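Below is one structure, written out as structure tokens; comments come after it.
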Amino acid sequence: MPLSYAPIVKRRPGTGDQLANLADYASARESFSWEDARHELEGLPGGGINIAHEALDRAVHAGQGARLAVRFLSRDGVALEFTYAELLSAASRFAHVVESLAPERGDRVFSLLGRGPALHIAALGTLKSGRVFCPLFSAFGPEPVQTRLALGDARILVTTPMLYERKVAGIRERLPQLQWVLLTGAGGRVLPPGTLDLDRLLAAASPEFATVATTAEDPALLHFTSGTTGRPKGVLHVHDAVVAQQVTARLALDLRPNDRYWCTADPGWVTGMTYGVLAPLLCGATSIVDVEEFDPDRWYQLLAEERISVWYTAPTAIRMLMKAGPELAQARTYSSLRFLASVGEPLNPEAVLWGQSMLGMPFHDNWWQTETGGILVANYASVDIKPGSMGLPIPGVQAGIVQRTDDGGGVVEITTPDTPGELAFRPGWPSMFRGYLDNEEKYRQCFAGGWYLSGDLARCDADGYYWFLGRTDDVIKAAGHLISPFEVESALLTHPAVAQSGVIGVPDEVAGTAVKAFVELKSGLRGDAALQRDLLAHARRRLGAALAPREIAFVDALPRTRSGKIMRRLLRARELGQPEGDLSTLEGGA
Ligand code: ATP
Ligand code: MG
């Protein structure tokens, strides 16, 4: 492999040191069982299981009701706090409202809300009521909102008066199945026709609600994928997912009851809901929720002053912090920080190391997708990191690298280390999705030969570490070489002028396909021919002539999904003059 970084060797704990939740990876893999993990939960009287019950009622039953559950921060400096008991009462009120309006278990409740108490309360209350919750990203325009509400057969929508006016009022008549729209934050103002004042309904409802007796296989959550590779898919999850949500947060994020935890993902996406809203409550931690948008200085301030101990963020955010320069990072100290993690896109080795030099510890990359419902591959607190690798499978999960057979129907497992193939898993972990919305055929295509096929290409090295190579659609085959866009992007990122890059294959007369890199430069720099030559030479030195880009183009901003992921397929479509697909309507022109 062209790039290699020295492993980051973790200090072995001495006597008296607090051990990581996963203190010994090998023995945890050996002894782990999902049944044992399920026994850590309380369960419902009568034997069922419910995500919100485990997140809230269990803590209150254990005498932890007065513990701080969530602290919401806004720019005006006012913090809104909820204990576990207060959040349970608020969610219970919401459950009553939902029960009175949506008669059927399994009815779908959608939210179109930014981060804040209403979103937590709606999610947890819906789950308690046995209805299915689906969060939508609040920055979506009317088109993507309408598509998802219609696809998901939304019965109830929770939003604010402002978001309703801007994004829903104009499409309401195209959504006959949407029976109720509940508005929060109206503050006594007259509401638009066809809406109800949620805050009033909540105030009138009882703060006690006996959780509906959901079973492990009852539907709980609907999440739409990011739409990086095509039309976003609706992914269905059941209440049993809670078993994996809790265990993975404990093992992969090292989350503990006294942590002050910050997950930067928006709850409109699966990470923000699973590890932003639910998992910290399942682990008894305190969540710090920043309701504002990204701002480097504010983020450093928050890390330091809110005494964050576990931070879960994304490569795009880390690269933006890197772009903002070291001075801002160095202006503060982060004495409470214990663990840094990242997900959503490949984490370049430079970013892993940047964590170490600026924040005093490396970022721990982990991998999962909407379909897997929880982290499946991770770098752990006690395990050495190989920068650029996404780590080792979660205990209880068997991963593999497979290749599809020539007839396309079957797969073979590749056991030779470092051989590229599709990242696959043996089904059986509790948070595995149970279907795509209205697309049984696509769901079936995800499985072959007893494996779940992730659609990502990776390799596994001799030590069992997994290395992401790209989406199956993004990988470049040039002059007989298989080229990982991620490796080329990581090499470019080691150049001091480069902030971000996206790499694709373009047609080439000689090689069939050649590598082209689109580069976003650091603040204040301008791309010219000299810098272009310098970058090409830099890439060739790092990667060798076969893998280095043949062409480099400077761009102001790379195309991204609304969740911030680089869309290489859009770069390809633009390069080849092809239509850009349906993204402009579904993703609001991401
Ligand atoms: P769509 O399925 O609609 O194309 P998406 O796959 O981006 O969108 P998500 O489920 O939000 O939607 O993202 C999961 C994908 O993100 C993974 O399949 C993988 O490609 C990428 N990903 C997540 N974490 C990592 C990681 N640590 N390293 C590399 N890639 C990652
Ligand atoms: Mg996907």
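Each of the peptides 343-352, 289-298 was scored by the mean count of other Cβ atoms within 10 Å over its residues; in descending order, highest first, they stand as 343-352, 289-298. Selection among Tyr452, Trp367, Pro45 by position relative to the dipole of the chain gives Trp367 as farthest towards the positive end (Cβ unit charges, Cα centre). Distance between the 7 Å Cα→Cβ label points at Arg426 and Asp556: 5.3 nm.
Max-minus-min Cα coordinates of the stretch 274-339 on each principal axis give 36, 24, 20 Å, with the largest extent listed first. Return the percentage of antiparallel bridges among DSSP beta bridges fully within the chain, rounded to the nearest 5 %. Around 55 percent of the beta bridges assigned by DSSP in the chain are antiparallel ones.
Shown is the FRET efficiency for Ser336 and Glu40, computed with R0 = 30 Å from the Cβ-Cβ distance and rounded to the nearest 0.05: 0.70.
Which of the peptides 278-284, 259-265, 185-191, 40-46 is most tightly packed, and how do the rest follow, going by the mean number of other Cβ atoms within 10 Å of each residue?
On the way: 278-284: 25.7, 259-265: 23.1, 185-191: 12.0, 40-46: 13.9.
Averaged packing, sorted descending, gives the order 278-284, 259-265, 40-46, 185-191.
Pairwise Cα separations in the stretch 508-562 fall into 5 Å bins from 0 onward with the following percentages, short to long: 4, 17, 24, 22, 18, 10, 3, 1. For Gly125, the shell of other residues with beta-carbons less than 10 Å away shows a net charge of +2, using +1 for Lys and Arg and -1 for Asp and Glu.
Write down the percent of antiparallel bridges among all DSSP beta bridges whose residues are both part of the stretch 476-585, to the nearest 5. Spell out each step's value before the answer.
Working: 14 of 18 bridges.
Within the stretch 476-585, antiparallel bridges account for around 80 percent of the total.
Cross-link partners of Lys516 among aspartates and glutamates, defined as those whose alpha carbon lies under 20 angstrom from its own and excluding same-chain residues fewer than eight positions apart: Glu345, Asp473, Asp474, Glu487, Glu489, Asp508, Asp528, Asp534, Glu551, Asp556, Glu575, Glu580.
Relative to one another, the C-alpha centroids of the stretch 485-532 and the stretch 273-297 are positioned 34 Å apart.
Residue ranges 89-102, 5-18 sort as 89-102, 5-18 when ordered by packing (mean number of other C-beta atoms within 10 Å per residue, highest first).
Backbone N atoms of the stretch 391-414 closer than 20 Å to the 7 Å Cα→Cβ label point of Ser31 belong to residues 393-398.
Taking only alpha carbon atoms, the stretch 160-224 gives an Rg to Rh ratio of 1.05, where Rh is the Kirkwood radius. Pairs exceeding 21 Å between alpha-carbon atoms, taken from Lys10/Lys386; Lys386/Lys565; Lys167/Lys442: Lys386/Lys565; Lys167/Lys442.
Shape class of the stretch 476-585 from the alpha-carbon gyration tensor: oblate, with a/c at 1.5 or above and b/c at least as large as a/b. In the frame of its principal axes, the stretch 51-182 has Cα extents of 48, 39, 18 Å, reported largest first.
Given a Förster radius of 25 Å and the C-beta distance between Thr416 and Ala546 as r, what FRET efficiency does 1/(1 + (r/R0)^6) yield to the nearest 0.05?
Details: r = 21 Å, r/R0 = 0.84.
The value I calculate is 0.75.
Averaging over all projection directions, the Cα-based convex hull of the chain occupies 27.1 nm² in the image plane.
Local charge for Asp438 was computed over the other residues whose Cβ lies under 15 Å away, with Lys and Arg +1 and Asp and Glu -1, and equals +4.
Just how far, in whole angstrom, is the stretch 98-173 from the stretch 338-366 if you go by their alpha carbon centroids? The distance from the Cα centre of the stretch 338-366 to that of the stretch 98-173 comes to 34 Å. If each Cα of the stretch 424-478 is one equal point scatterer, what is log10 of I(q)/I(0) from the Debye formula at q = 0.15, 0.22, 0.27, 0.30 Å⁻¹? After summing over all Cα pairs, the log10 values are -0.57, -1.01, -1.16, -1.19. Spin-label model, Leu80/Ala210: points 7 Å from Cα along the beta carbon direction are separated by 3.1 nm. With a ≥ b ≥ c taken as the square roots of the eigenvalues of the C-alpha gyration tensor of the stretch 306-464, please select rounded if a/c is under 1.5 and otherwise prolate if a/b is larger than b/c or oblate if it is not? Because a/c hits 1.5 or more and a/b exceeds b/c, the stretch 306-464 counts as prolate. Computed about its Cα centre, the charge dipole of the chain is approximately 740 debye, with only Lys, Arg, Asp and Glu carrying charge at their Cβ.
Averaging over every viewing direction, what projected area does the convex hull of the Cα atoms of the stretch 162-280 cover, in nm²?
Values: hull surface 44.2 nm².
Average of the hull's projected areas for the stretch 162-280 equals 11.1 nm².
Of the Cα atoms belonging to the stretch 230-313, the radius of gyration and Dmax stand at 13.7, 41 Å. Considering only Val243, Thr126, Pro346, the residue lying farthest towards the positive end of the dipole of the chain is Pro346, judged by Cα position with unit charges set on Cβ.
All of the numbers you see were taken from the coordinates with simple rules; none came from a lab. Keep in mind that what you see is a predicted model, and the values were worked out from it rather than measured. So basically every Cβ, Gly included, is an ideal-geometry build from the backbone, and we count neighbours across all protein chains shown.
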